Amino acid sequence: MNLWILLLAFSALAECVCQTQGTHSCPDLCSCSFSPLGAEVECSQSLLTHFPEEGLPSNTTRLSIQSTDLHGLTAQHLSAVPLLKHLQLYHTNLTSLPADLLKNVPLLNKLDLTGNQLVHLPPDIFSHASLRSLLLRNNQIEEMDAEWFSHNTSLTSLDLSGNRLTAMSAAFFQKMPSLEDLDLSDNNLHDIQPDHLKNLHHLERLNLGGNKLSSLQPTTFSNNLKLSHLFLNQNQLRELPGSLLRGLEHLELVMLNQNRLQSLPFGLLDERKDDFRVVLSGNPWVCDKRMVYLWKWLSANADKVFFLEDVTCAEPEAVRQRQLAILPETELELGNTGE
């Protein structure tokens, strides 16, 4: 009897050692940290060229592979980390992904594919996990494809900045009813229609900076009533509709800098929150009678403008480079060239 108990104890000890080794090992060329909640693994050695299967802790919840030349990635690779919640493949030179990549990581909620060479992605690629955050920034993607998702997603954050997008897709965003943060900056978008964003009722942050937008319709954001941060900087906007921001009672920041605006329509910035801020610098403001609305608004709301000293007149010549906010109203009158 005592021998039997001894054998059972030895067996349990061996199993414990085996499990400990499996959960506290670490792949070559990687660093690992361990906690009761799981392991975090970071691999950032340029010598790493294959997925680090050997020694990868089975209880890994966060895996980051950075600045490597990763030769392919499969669902079988990820089956080694079934508890994975956060996967970062940052600048790993990936050119393609298999459609079933995420089928073995059902707990994955954040996927970061920043800085790869992805152009096309297969249908249903993001249908195998309950993703909350998806980063595809700085790839070479040319088109938003609704087929990436088989049904409505649980995404709350999507980053497609720094790609080669030329158009938006209403069908694409119809599958994202929970989206709160959308970054489409630094693409080649020329146009945005109200129906593109109409399903994004929870959207709070929208970044359209660094595109080629030349105009916006009055109802572009009429379905995005929770917007708090709106980035329209570094586009080619020449004018804005007066009702563009109507109903957006939660706005805290609007960036309009580095556009081609010459004036703002009456009422555009009225009825804003106390903590509302706007950036207006880098536009060719024409300081004549058409500028009276903005001039008066600046006089009453100077504390709401970042880089106020850089909001200067481009025309007429008499007031060129003068700061608009401190320009005497009489000079706006004298500078009238539109009548």
Relative contact order %, the range 19-173, counting alpha carbon pairs below 8 Å whose residues are six or more apart: 15 percent
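Would you please put 291-299, 163-171 in order of how densely packed they are, using the mean number of other Cβ atoms within 10 angstrom per residue and starting with the highest?
By packing density, highest mean first, the sequence is 291-299, 163-171.
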D (Stokes-Einstein, µm²/s), Kirkwood Cα radius, the range 52-158, 1.002 mPa s at 20 °C: 154 µm²/s
Rounded FRET efficiency, nearest 0.05, which uses the C-beta distance separating residue 49 from residue 331 and R0 of 45 Å: 0.10
Accessible area per residue, Å², the range 166-216 with all protein chains present, probe 1.4 Å: 37 Å²
Sorted peptide list for 207-215, 302-310, criterion being average Cβ within 10 angstrom, highest first: 207-215, 302-310
Cα-based convex hull, the range 253-339, per residue volume (Å³, whole number): 84 Å³
Number of Lys pairs (Cα under 16 Å; 8 or more positions apart or on different chains) in the chain: 7
Contour minus Cα-Cα distance for residue 266 and residue 119 (0.36 nm per residue): 48.6 nm
Compactness of the chain, expressed as Rg and Dmax over alpha-carbon positions, Å: 26.7, 108
Taking the range 222-271 and dividing mean pair separation by its residue count, relative contact order in percent (alpha carbons under 8 Å, at least six apart): 47 percent
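Restricting to Cα pairs below 8 Å that are 6+ residues apart, what does the relative contact order work out to for the chain? Please round to a whole percent.
7 percent
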Centroid-to-centroid separation of the range 124-167 and the range 248-309 [C-alpha atoms, Å]: 33 Å
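The values are calculated or read from the model by the stated rules, or taken from the named source; none is laboratory data. All of these numbers come straight from a predicted model, not from anything done at the bench. Note that we place each Cβ from the backbone using ideal geometry, even for glycine, and neighbour counts take in every protein chain shown. When the accessible area is computed, the model is the full protein with side chains, heavy atoms only, and any ligands, DNA or RNA have been set aside. Shrake-Rupley method; radii C 1.70, N 1.55, O 1.52, S 1.80 Å.
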